[in-house]
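Down below is the structure, laid out as structure tokens.
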């Protein structure tokens, strides 16, 4: 079984999560482009779930600020203005596509990470991931520092 290349995984996440040195999202137009490029993001980061968020792309990899005058809170106005224009949605996506978008964003994860995120039954998660492996969109891999089977984008191991 191939070993996941952590340097490639971190580079992938820096790029897809818009972490430094990647450019920050600084306008509503850039936010829409970022969301369309990712296909699926969170508005805010969710503790314990590695998935891009608009907050992180705008404000950096830090805790969401309590103070309403924090520059990162500009995202609220962008979100509210975009919803009325039908630029983005709170929506369901087909299971396989959603899982593919998840892996395109995070690069690699355990089956249990996806189960935690989506809340699907184990057999549904397994079937969806196996389908992506059969289509060569994911590969089974081993993490060099963590136990258990991981799945990653083909170029990351």
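The values are calculated or read from the model by the stated rules, or taken from the named source; none is laboratory data. Bear in mind that the values here come from a model prediction, so they are computed numbers and not experimental data. Neighbour counts run over all protein chains shown; Cβ positions are idealised from the backbone, glycine included.
Computed values, structure above
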| item | result |
| --- | --- |
| Residue count, the range 110-139 (criterion: closer than 17 Å to residue 6 by Cβ and modelled with pLDDT of 95 or more) | 2 |
| Test: residue in the range 101-115 that is more than 21 Å from residue 16 (Cα to Cα), assigned to a helix (DSSP H, G or I) and within 15 Å of the chain's Cα centre (by Cα) | yes |
| Members of the range 144-156 that are in contact with a helix residue (DSSP H, G or I) (Cβ under 8 Å, 6 or more places away or on another chain) and surrounded by 14 or more Cβ atoms within 10 Å (Cβ to Cβ) | 151, 152, 153, 156 |
| Count - residues of the range 117-154 that are in contact (Cβ under 8 Å) with a residue 40 or more places away in the chain and either closer than 17 Å to residue 97 by Cα or out of contact with any strand residue (DSSP E or B) (no Cβ under 9 Å at 6 or more places or on another chain) (or both) | 6 |
| Test result for residue 137, assigned to a loop (DSSP other than H, G, I, E, B) and in contact with a helix residue (DSSP H, G or I) (Cβ under 7 Å, 6 or more places away or on another chain) | yes |
| Any helices (runs of 4 or more DSSP H) falling wholly within the range 1-95 and containing at least 3 residues that are over 22 Å from residue 151 (Cβ atoms) and at pLDDT 90 or above | 28-38, 54-59 |
| Per-region count, the range 1-13, residues loosely packed, with under 14 Cβ neighbours inside 10 Å and within 16 Å of the chain's Cα centre (by Cα) | 2 |
| Residue list for the range 14-39, restricted to those being under 23 Å from residue 157 (Cβ atoms) and either in contact with a strand residue (DSSP E or B) (Cβ under 6 Å, 6 or more places away or on another chain) or buried (at least 17 other Cβ atoms within 10 Å of the Cβ) (or both) | 16, 17, 38 |
